[in-house]
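Enquirer: One structure is given below, represented as structure tokens, and several questions about it will come after.
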Amino acid sequence: LLCAKRSFIDPYNASKEDLCDKAAKKTCSRCMGLKTRMKYALWKQIMNYTIDIVIGPAKTLQEIYEHNSVLSGKWSIVTPWIDSYFFYSSVQKIKKEYKKENRHRILFVGSLIEFKGAWVAARAIKKIRAVYPDATLLFVGGDEEKEEKYRKQIEAICQQDGTSTAIMFLGKKTKEEIHELQRNAAVYICPTVCMESFGLNWAEAMAAGIPIVASAIGSIPEYV
């Protein structure tokens, strides 16, 4: 949210850029041109002088804002809502329905847009398959026409790495279908490369009893 690249420049070409490790504690001035700096200064003034109280999903977010002198002392942290549907299946039920052939199945649910990190998962599968040759990576979502180019990028990565047979694009799924996929997955992944304050998909995966592997970015480590 204080990341110049995501907020003002181009978050849709993340894999073409060096990943930024500075967003956690301060504004990324190395990404900002003069016009962007002016936008940021104006936005900061507007936020501080017009907002009396802000409701946020994580203490990490509050710390980042207040470190940058934005909305200091105006925060109330409220945990986001998670659909209770995902709580009904106990861990015992998951173990009961768990199939041996799915023991190395990896699940990604969400947009294929680059800052969500689907391409990171595609690059990782080569290393994973070196240890677990039967590992498979399932992508759920990303049926929109604008995401087609990102799917092609992922396919190109897998073709280059010789892992095309290790991935499957399943398209859009209903909640019931996603829940079934979760029950048959070894792990859920959230490989985002851009700072996030909260992610409903990985939160619901944890609520359903699925172990997750997630990027140490934004408030994700706080929730995990």
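The values are calculated or read from the model by the stated rules, or taken from the named source; none is laboratory data. Computed from a predicted structure; not experimentally measured. As a convention, Cβ positions derive from the backbone with ideal geometry for all residues, glycine included, and neighbour counts pool all protein chains shown. SASA here: full protein model, heavy atoms, side chains in, ligands and nucleic acids out. Shrake-Rupley method; radii C 1.70, N 1.55, O 1.52, S 1.80 Å.
Enquirer: Pick from the range 131-147 the residues that are acidic (Asp, Glu) and farther than 13 Å from Trp119 by Cα: which of them is surrounded by the fewest Cβ atoms within 10 Å (Cβ to Cβ)?
Expert: Result: Glu145.
Enquirer: Scan the range 107-127 for residues that are at positive phi and touching a Ser or Thr at 6+ places or on another chain (Cβ under 6 Å) and jot them down.
Expert: Gly117
Enquirer: Oh, and also: Of all residues in the range 167-224, which are among the polar types (S, T, N, Q), open to solvent by 20 Å² or more (accessible area, probe 1.4 Å) and in contact with a helix residue (DSSP H, G or I) (Cβ under 7 Å, 6 or more places away or on another chain)?
Expert: Result: Ser197, single match.
Enquirer: Which residue is modelled with the lowest pLDDT, if the candidates are limited to the range 143-180 and must be under 18 Å from the mean Cα position of the chain (by Cα) and among the β-branched types (Val, Ile, Thr)?
Expert: Ile178
Enquirer: Something else now. Do we have Ser197 as among the polar types (S, T, N, Q) and within 13 Å of the chain's Cα centre (by Cα) here?
Expert: Judged against the criteria, Ser197 is a match.
Enquirer: Among all residue pairs at least 6 apart or on different chains, which show Cβ distances below 7 Å where the first residue, located in the range 195-212, is at pLDDT 85 or above and the second is surrounded by fewer than 23 Cβ atoms within 10 Å (Cβ to Cβ) and part of a loop (DSSP other than H, G, I, E, B)?
Expert: Listed by first residue and then by second, the contacts come to Phe198/Pro57; Phe198/Ala58; Phe198/Pro80; Phe198/Ser219; Asn201/Gly110; Ala203/Ile82; Ile212/Val224.
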